Amino acid sequence: MAEYKKSSPWNTTKYTTNSTLSHFQIRPVPAEADDVLYEIEPQYIYRPDLLAYDIYGTPKLWWVFTQRNMNVIQDPIYDFVPGTQIFLPKKDNLLRVLGV
């Protein structure tokens with residue numbers, strides 16, 4: 001049975017009895033008082049992985065933007081467009097929440 005890293009969006013998804021993944025369990029990224037309001041810039045159009053790399057040092061945390069901004073981003077790729085304002089968790093807070 002595979003295990004997903006703590007930085008993975010599938011980390012909390014459980015396995016069924018036949019070793020297949022169950023329904024996706026959303027990993028909440030709670031709002032913090034010091035989250036940064038950010039307007040997506042043109043160089044990140046459709047590329048949350050690039051923004052995650054620039055902010056958190058890894059593209060693997062691309063999914064955090066959707067989880068933190070579910071009221072703004074429905075599609076994690078095609079809603080990631082310039083001019084959209086989203087909240088960015090600070091790196092230290094995010095790593096604490098994820099248990100990394």
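If contacts are Cα pairs under 8 angstrom and at least 6 residues apart, what is the relative contact order of region 49-100 in percent? Don't skip to the answer; put the middle values down first.
On the way: 37 pairs, mean separation 13.0, N = 52.
Computed value for region 49-100: 25 percent relative contact order.
Which of the trypsin sites (Lys or Arg not before Pro) found in region 68-100 are loop residues per DSSP with 14 or fewer other Cβ atoms within 10 Å of their Cβ?
Those satisfying the criteria are LYS90.
Among THR58, ASN11, ILE26, which residue has its Cα furthest toward the positive end of the charge dipole of the chain, with +1 on Lys/Arg Cβ and -1 on Asp/Glu Cβ?
Result: ASN11, furthest along the dipole toward the positive end.
If you take the charge dipole of the chain about its Cα centre, with +1 on Lys and Arg Cβ and -1 on Asp and Glu Cβ, which of GLN67, VAL81, ILE45 is farthest toward its positive end?
Towards the positive end, the residue furthest out is GLN67.
For the chain, what is the calculated [θ] at 222 nm in deg cm²/dmol (nearest 500), taking -39500 (n - 2.57) for each run of four or more DSSP H residues and dividing by its residue count?
For the chain, the value works out to -5500 deg cm²/dmol.
Specify which labelled value, from (1) 43, 40, 18; (2) 40, 30, 18; (3) 45, 27, 23, agrees with Cα extents along the principal axes in Å derived from the coordinates of the model shown.
(3)
Every number in this text was worked out from the coordinates using simple rules, so none of it is lab data. Because the structure is predicted, anything quoted here is derived from the model rather than measured. Here Cβ is always computed from backbone atoms with ideal geometry, including for glycine, and neighbour counts include all displayed protein chains.
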